[in-house]
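Take a look at the structure below.
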Amino acid sequence: MQRRAMPATQSPRVQKWLPDAELDPHPFCSWLLELGFDLWIHLGYDRVVLAPDGFHVAPGSLIASNHQRDVDGPMLGTVLVRRRGLRFLGALPFYATREDLFRPGILARLTVHWPRSISTLLGRISLAWFFPLGRTEPIRRVREFTLGEALHALCEAGLGDADCATLLNARGRRETNIETGALSVREAANHRDLPLEEWWGLRRLTLPAIKKLAPAFRATVNAQLVHFAQRLNDGRCVYFSPEGTISLSGRFGRVRAGCFRLVHMSESAPWVQPMALSYDTLAPGRSRVLVRIGQRFRADLALDRRAFDAALRHAVLSLAPITPSHLLARFLLHGPQIFSERDLAAWFSRGRATLQARGTALDPLFARVTAEELAGQRLRWLERRQLVARAGEAFRNTCPRDAKPGWRKPAAIVRYLDNNLADLVPDIERALPC
């Protein structure tokens with residue numbers, strides 16, 4: 001008896017569990033990697049998904065969301081694939097990510113502040129093989145184009161023998177200490193004592209040097225966008241962060257040109273699927289993450305760049321739920337220095353009522369837990385994190401109001417979430433004065 005031969009790239013078991021396995025060059029590895037991400041997310045985070053009834057991603061959709069942490073991409077992926085046991089009901093999208101992550105030595109750059117021996121060892125490991133398994137593909141961004149790469153690009157443009165100092169602007173010459181006539185561009189590009197991979201490249205070149213690189217730079221970006229546009233034309237889904245990078249401050253950054261150019265490069269107006277993430281991290285236990293999914297809409301090709309960017313920004317920000325951590329962050333940075341548990345409970349109650357009356361998206365936790373319970377639970381956590389201290393029957397606010405935004409320290413998270421709240425409620429000073 002003869003058996004029907006199966007295509008080499010298909011696996012009957014994985015095809016059952018991965019909706020588009022026949023279109024994936026590494027279906028088993030992609031399935032296994034996404035399964036690992038999904039299990040890791042469930043172990044490390046308390047994920048809450050708020051989605052319309054019957055939600056599914058339409059083929060050929062451009063997925064857009066805010067971008068606050070490195071975990072955002074894997075988090076959204078686990079929401080979109082909708083795992084049921086070992087089976088994924090939805091297809092994994094293609095992610096546009098920074099091009100430099102695919103280059104040799106990237107781990108050395110990312111760990112430059114680690115011990116040199118460890119950083120050097122990690123620099124020998126390439127990630128270029130890993131990202132395709134998770135359907136991650138490169139897009140070039142100005143921010144990650146380093147000075148070392150810029151100098152090598154100048155060599156390719158025929159300026160390798162030129163005096164390097166003449167192509168560096170005042171900032172570039174000051175930081176590199178390269179004097180006129182000291183080094184050629186080729187010599188500087190291969191100089192081992194200069195931290196060329198730590199500096200943005202185009203910000204340290206003269207305007208004539210940038211103009212020399214511009215044609216090749218734009219051609220590369222254009223080719224990458226054409227590639228993603230073809231993905232949309234083929235009915236695949238593509239994830240683009242409108243901001244182009246992680247927000248370091250908590251505020252939603254300027255919408256970059258990538259999304260606008262991508263929808264205009266597609267054969268027809270693609271669906272846009274807006275999503276938004278909010279983090280409720282000023283609380284005990286696993287970090288709560290809320291992923292809210294909006295109604296998809298067709299990209300309006302009649303809009304100019306400014307109007308398109310404004311519409312996309314509004315579509316994402318209007319979805320982001322305000323969590324107890326948002327209100328708590330505002331209270332700590334703008335509220336009284338001495339307060340009681342009852343004062344904090346009243347703040348939660350007033351904030352919830354005000355925002356609900358305005359139609360602002362709210363964390364469902366507000367409806368399940370009373371303001372008094374929230375205040376008591378959060379104060380115990382704040383006390384352990386030394387952001388408040390008991391003062392008799394009251395509490396003294398010890399959170400530094402000059403903290404810089406970030407995710408590593410509780411005070412930095414407070415500042416980050418307060419900045420984020422100011423974006424979600426632009427008239428926060430009038431709507432919720434402390």
Solvent-accessible surface ranking, highest first, for Val81, Val226, Val48 at 1.4 angstrom: Val226, Val48, Val81
Gaussian network model of the chain, Cα within-10 Å springs - most flexible of Gly201, Gly359, Gly351: Gly359
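Could you calculate the contour length gain from Asp343 to Leu89, that is, 0.36 nm times the residue separation minus the distance between their Cα atoms, to one decimal place in nm?
Details: separation 254, 0.36 × 254 = 91.44 nm, distance 4.64 nm.
Extending this stretch completely gives an extra 86.8 nm.
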Probe 1.4 Å - accessible area at Leu207, Å² to nearest ten: 110 Å²
Length-normalised contact order for the chain - Cα pairs under 8 Å, 6+ apart - percent: 16 percent
Residue among Gly376, His334, Phe102 farthest towards the positive dipole end of the chain, charges placed on Cβ: Gly376
Restricting the range 32-137 to trypsin sites (Lys or Arg not before Pro) in coil, as DSSP defines it, with at most 13 other Cβ within 10 Å: Arg124
Eligible aspartates and glutamates near Lys211 by straight Cα distance, threshold 16 Å, same-chain separation 8 or greater: Glu149, Glu156
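Which of the three applies to the range 51-185, rounded, prolate or oblate, going by the alpha-carbon gyration tensor with a ≥ b ≥ c and a/c under 1.5 meaning rounded? Please report the intermediate quantities before stating the final value.
Numbers: a/c = 3.08, a/b = 2.31, b/c = 1.33.
Prolate is the answer for the range 51-185, as a/c is 1.5 or above and a/b outweighs b/c.
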Spin-label model distance (nm) - Thr120 vs Lys404, 7 Å beyond Cα toward Cβ: 2.9 nm
Solvent-accessible surface ranking, highest first, for Asp163, Asp38, Asp402 at 1.4 angstrom: Asp402, Asp163, Asp38
Environment charge at Ser287 (Cβ cut-off 15 Å; Lys +1, Arg +1, Asp -1, Glu -1): +3
Filtered GluC sites (Glu not before Pro), the range 135-226: DSSP coil and at most 15 other beta carbons within 10 Å: Glu179
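Would you calculate, for the chain, the mean residue ellipticity at 222 nm contributed by helices, counting each DSSP H stretch of 4 or more residues as -39,500 (n - 2.57) and dividing by all residues, to the nearest 500? All intermediate terms of the calculation are to be shown ahead of the outcome.
Working: 18 runs with 184 residues, N = 434.
Computed ellipticity for the chain at 222 nm equals -12500 deg cm²/dmol.
Over the chain, with the other protein chains present, what is the accessible area per residue in square angstrom, probe 1.4 angstrom? Can you show the working numbers first?
Values: 21790 Å² over 434 residues.
Normalised by residue count, the accessible surface of the chain is 50 Å².
Subtract the Cα-Cα distance of Arg430 and Ser268 from 0.36 nm times their separation in residues, and report this length gain in nm to one decimal.
Between Arg430 and Ser268, full extension yields 54.0 nm more.
Can you pull out the chymotrypsin sites (Phe, Trp or Tyr not before Pro) in the range 60-141 whose DSSP state is coil and whose Cβ has at most 15 other Cβ atoms within 10 Å?
Numbers: sites: Phe88, Phe94, Tyr95, Phe102, Trp129, Phe130; in loops: Trp129, Phe130.
Counting only loop positions with at most 15 other Cβ atoms within 10 Å, the chymotrypsin sites (Phe, Trp or Tyr not before Pro) in the range 60-141 are Trp129, Phe130.
The values are calculated or read from the model by the stated rules, or taken from the named source; none is laboratory data. Everything numeric in this text was worked out from a predicted model, so none of it was measured. Every residue, glycine among them, receives a Cβ derived from its backbone with ideal geometry; neighbour counts consider all protein chains shown. What goes into the accessible areas is simple: the full protein's heavy atoms, side chains included, and nothing from ligands, DNA or RNA. Shrake-Rupley method; radii C 1.70, N 1.55, O 1.52, S 1.80 Å.
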